[in-house]
1. Residues that are under 30 Å from residue 130 (Cα atoms) and modelled with pLDDT of 95 or more: list the helices (runs of 4 or more DSSP H) wholly contained in region 1-98 that include at least 3 such residues.
2. Looking at 157, 192, 182, which one is touching a helix residue (DSSP H, G or I) at 6+ places or on another chain (Cβ under 7 Å), in contact (Cβ under 8 Å) with a residue 24 or more places away in the chain and assigned by TED's automatic domain parsing to the domain that holds residue 59?
3. Answer yes or no as to whether residue 175 is under 16 Å from residue 75 (Cα atoms), in contact (Cβ under 8 Å) with a residue 12 or more places away in the chain and surrounded by fewer than 20 Cβ atoms within 10 Å (Cβ to Cβ).
4. Tally up the residues in region 4-61 that are surrounded by 11 or more Cβ atoms within 10 Å (Cβ to Cβ), under 22 Å from residue 166 (Cβ atoms) and without any contact (Cβ under 8 Å) to a residue 12 or more places away in the chain, please.
5. Please verify whether residue 110 is free of Cβ contacts under 8 Å to residues at least 60 places away in the same chain and in contact with a helix residue (DSSP H, G or I) (Cβ under 8 Å, 6 or more places away or on another chain), treating the condition exactly as stated.
């Protein structure tokens, strides 16, 4: 899996700080001037205070767009359940020139241990891929032939979440009982956001 941050709201700390101060100060000009003059650490402490108090609407004014490649459709089906987000995913509706599959460690470990298991699993995947291409050759539309492919088919997806939904995603998917692949995605996102906007996830960690 490869996770890349494509773009995010410039100066997210300032944006969230202004949102929080506007809720408490009627003088917008004063708020904007204050945001420019206040030290970064003061703004971050203010944001952390609001997050702790549950006043997370200010987080909805910042967004993060990620591009994820080599992720299974099993994981993307979990991802799109986070509905307060925007998604663009490779559809597999057209003819796939090359099929790749995500293999869990529990399987790959066994494949490395025993050649018999490796041949069994790889034979199945090759058979499934061959069956797909044979159906297309027989005139079955690729969008219908794909119904026969395993859920572990690798895909690519781009998604955008605001700060509030991002925190909700991380709370659920960093949990120790989360499925391993979506948890891996959450771990990568936490690392990225910790670099570009640490105040947003300072209180979050993997279980």
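The values are calculated or read from the model by the stated rules, or taken from the named source; none is laboratory data. The structure presented is a predicted model; accordingly, all values stated were derived computationally and were not measured. No Cβ is skipped: glycine too gets one built from the backbone with ideal geometry, and neighbour counts run over all protein chains shown.
1. Result: 73-79.
2. 182
3. Here the answer is yes, as residue 175 does meet what is asked.
4. Total satisfying the criteria: 4.
5. Judged against the criteria, residue 110 is a match.
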